[in-house]
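The values are calculated or read from the model by the stated rules, or taken from the named source; none is laboratory data. In this text the structure is predicted, and so the values were computed from the model without any measurement. Don't worry about glycine lacking a Cβ; one is built from the backbone with ideal geometry, like all the others, and counts go over all protein chains shown. Heads up: the accessible areas ignore ligands, DNA and RNA and are worked out on the full protein's heavy atoms, side chains in. Shrake-Rupley method; radii C 1.70, N 1.55, O 1.52, S 1.80 Å.
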Amino acid sequence: MSSEEPKPDKANEVKEKVAAVKQEMLNNITNAIDRGENLDHMDQQAEDLSNNARQFSKTSSALKRAMCCKNLKWAILFYGSIIIILIIIIVIAVCTSGGCKKEDENK
């Protein structure tokens, strides 16, 4: 009987080891599936980020053009106003010094 007792114990030990290895493999497969899902999620997030960056670039370029046009309009208005004021000042200065008299007054 002593020769038969180690065999069932050894068989049970092997079965336990196989069950433990099987459980470990199932855990590894579950972890691999979870990592795959996480990678898919991260891939989708990276794609979304790329699309958002592209949209931001387009929007910022359009905004930059719009602001340049707005600044140009204000610069033209500002410098045009200064030129008009200078012309008025020059005309007033010339007319008050006697340069704008009519020809009839000279005769």
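With bins 5 Å wide starting at 0, give me the P(r) of the range 21-71 over every alpha carbon pair, in whole percents.
It works out to 5, 17, 11, 12, 9, 9, 8, 6, 7, 4, 5, 3, 2, 1, 0, in whole percents.
Enter the angle in degrees (range 0 to 90, nearest 10) between the Cα long axis of helix 6-96 and the first principal axis of the Cα atoms of the chain, meaning the one along which they spread out most.
Rounded to the nearest ten degrees, it is 0.
Would you calculate the separation in nanometres between label points at residue 75 and residue 25, each defined as 7 Å from the Cα along the Cα-to-beta-carbon direction?
For the pair residue 75/residue 25, the computed spacing is 7.4 nm.
So how long is each side of the chain along the principal axes, counting just the alpha-carbon atoms, biggest first, in Å?
155, 16, 7
Please flag any cysteine in the chain that has no other cysteine's Cβ under 4.7 angstrom from its own Cβ.
So, 68, 69.
In the range 14-63, carbon and sulfur make up what percent of the accessible area (probe 1.4 Å)? List each step's numbers first, then the result.
Numbers: 2640 of 4480 Å².
Accessible surface attributable to carbon and sulfur in the range 14-63 totals 59 percent.
For the chain, what is the mean residue ellipticity at 222 nm derived from helices alone (per DSSP H run of n ≥ 4: -39500 (n - 2.57); sum divided by total residues; nearest 500 deg cm²/dmol)? Each step should come with its number before you reach the end.
Working: 2 runs with 95 residues, N = 107.
Rounded to the nearest 500, the figure is -33000 deg cm²/dmol.
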